[in-house]
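Everything below concerns the one structure shown next.
The values are calculated or read from the model by the stated rules, or taken from the named source; none is laboratory data. All of these numbers come straight from a predicted model, not from anything done at the bench. Don't worry about glycine lacking a Cβ; one is built from the backbone with ideal geometry, like all the others, and counts go over all protein chains shown. Protein only, heavy atoms only, side chains kept; ligands, DNA and RNA dropped before computing areas. Shrake-Rupley method; radii C 1.70, N 1.55, O 1.52, S 1.80 Å.
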Amino acid sequence: MSRSRVRRGELPPPQETIEKLEKMVDACNFYEAQQMYKSLSARYVAAEKYSEALDILQSGALIQLKHGQVTCGAELAVLFVETLVKGKYSYSKGTLDRVRKIYDDFPRIPIPQHLEDDGDMQKLSEALMAAKVRVEGCSSFLRAAIKWSSESGAPKNGSPQLHDMLAEYLYSESPELDMTKVSSHFVRGSDPEKFASVIVNFMGKCYPGEDDIAIARAVLLYLSQGNLRDANNFMDELKKQLEQKQLEIPHSDLIQVIGYLLRTLERDAFPLFKILRQKYKSSIDRETLFDEMKSQKDDVRAGFSVKVIFDSLRFPLLFSLSKESAEDI
């Protein structure tokens, strides 16, 4: 568009802006382009041209991420979600697909495993720092998207698909793996089969004694969501995948009591649950989620009567799981 056709203060067509800024990024002028992405998109938002602002921000996030500029890409991705909020966009397949497209472009780079000299140690240190930046950036973006979705038409805990994305990225990219966080998002997701495959993979590299706790935590977190169906689906898929790999589920009292617990809940037999707690007390004490399980006969639709009561002072993470929003997870 010629300069004569653009009056002072008038916004140019978004495609013209996108093409101009993409050329800046391709020329490695990352910082300058970032400032223009932010300032120009803000002008479109101020003019209530939300659709145009979203196009600019999505384009900017994608091209910055493709050039390895994770911090810049993540910042624009978060602004994309904030614009969804300002524009009062409802949760839909179309908006979910746009969020997923940005998520798919976050880098996935394996951490070096074979170290031989000081140079390798330096490379490892740099790789760990870069991984931390990637995880923090992607997490900030997806947490914002989950919060937006929970307030814009998705289930009250946020989009299950977004929880699946965050869980998978945390598991595959975190330099310091936190399986509690990974599990807390998978149980709010929609794919217990994928969760089972992650646990099988984790069992192959965790410390002794962590495998049965990871399995028990997964089941108890499903139950804390009132989701007996997926708790059972998870266990069935876990056993199936272990059998395919010619492996066995851990033989421990904790795993045994989880099996008994699932059968107890299917029968709505709370007196038996109390007997199990007493008999397997030493094993149950290894996983604090058991301490929070109480009987409450008010969930006929779910087919069982267990409700988890959370104490925000003693169990801050578990309390956060009980919130309608996953903002703080």
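For the residues Ala131, Ala127, the requirement of being at pLDDT below 95, assigned to a helix (DSSP H, G or I) and buried (at least 19 other Cβ atoms within 10 Å of the Cβ) singles out Ala131. Taking Ala46 as the residue in question, decide whether it is surrounded by 19 or more Cβ atoms within 10 Å (Cβ to Cβ), of a type in the set (A, V, I, L, M) and either modelled with pLDDT of 95 or more or outside the structural domain of Glu136 (by the TED database) (or both). The answer is no for Ala46.
Restricting the first member to the stretch 75-98 and to residues that are assigned by the TED database to the domain that holds Arg43 and in contact (Cβ under 8 Å) with a residue 60 or more places away in the chain, and the second to residues that are among the hydrophobic types (A, V, I, L, M, F, W, C) and not in a helix (DSSP H, G or I), the beta-carbon pairs closer than 6 Å and six or more apart or on different chains are Tyr91/Ala154. Taking the conditions (1) more than 28 Å from Gly226 (Cβ to Cβ); (2) touching a residue at least 24 places away in the same chain (Cβ under 8 Å) in turn, Asn157 satisfies each one other than (1). The residue that is farthest from Ala74 (Cα to Cα), counting only those in the stretch 19-37 that are touching a residue at least 24 places away in the same chain (Cβ under 8 Å) and surrounded by 17 or more Cβ atoms within 10 Å (Cβ to Cβ), is Leu21. Counting residues in the stretch 51-60 that are outside any helix (DSSP H, G or I), within 16 Å of Ala33 (Cβ to Cβ) and at pLDDT 95 or above gives zero. Exactly one residue out of Ser172, Ser184 is surrounded by fewer than 22 Cβ atoms within 10 Å (Cβ to Cβ), out of contact with any Gly (no Cβ under 6 Å at 6 or more places or on another chain) and not aliphatic (A, V, I, L, M): that is Ser172.
Residues in the stretch 221-230: is at least one open to solvent by less than 10 Å² (accessible area, probe 1.4 Å), in contact (Cβ under 8 Å) with a residue 40 or more places away in the chain and more than 16 Å from the chain's Cα centre (by Cα)? The answer is yes, given that some residue of the stretch 221-230 is open to solvent by less than 10 Å² (accessible area, probe 1.4 Å), in contact (Cβ under 8 Å) with a residue 40 or more places away in the chain and more than 16 Å from the chain's Cα centre (by Cα). Contact map, the stretch 244-259: first residue farther than 21 Å from Leu220 by Cα, second residue surrounded by 12 or more Cβ atoms within 10 Å (Cβ to Cβ), Cβ cut-off under 8 Å, separation 6 or more or different chains; pairs are Lys245/Val200; Leu247/Val200; Leu247/Met203. Among the residues of the stretch 158-169, those that are open to solvent by less than 40 Å² (accessible area, probe 1.4 Å) and out of contact with any Leu (no Cβ under 9 Å at 6 or more places or on another chain) comprise Gly158, Pro160, Asp164, Ala167.
Whenever a residue of the stretch 199-212 is touching a residue at least 12 places away in the same chain (Cβ under 8 Å), its partners that are of a type in the set (S, T, N, Q) and assigned to a helix (DSSP H, G or I), lying with C-beta atoms within less than 8 angstrom and at least six residues away or across chains, give the pairs Val200/Gln241.
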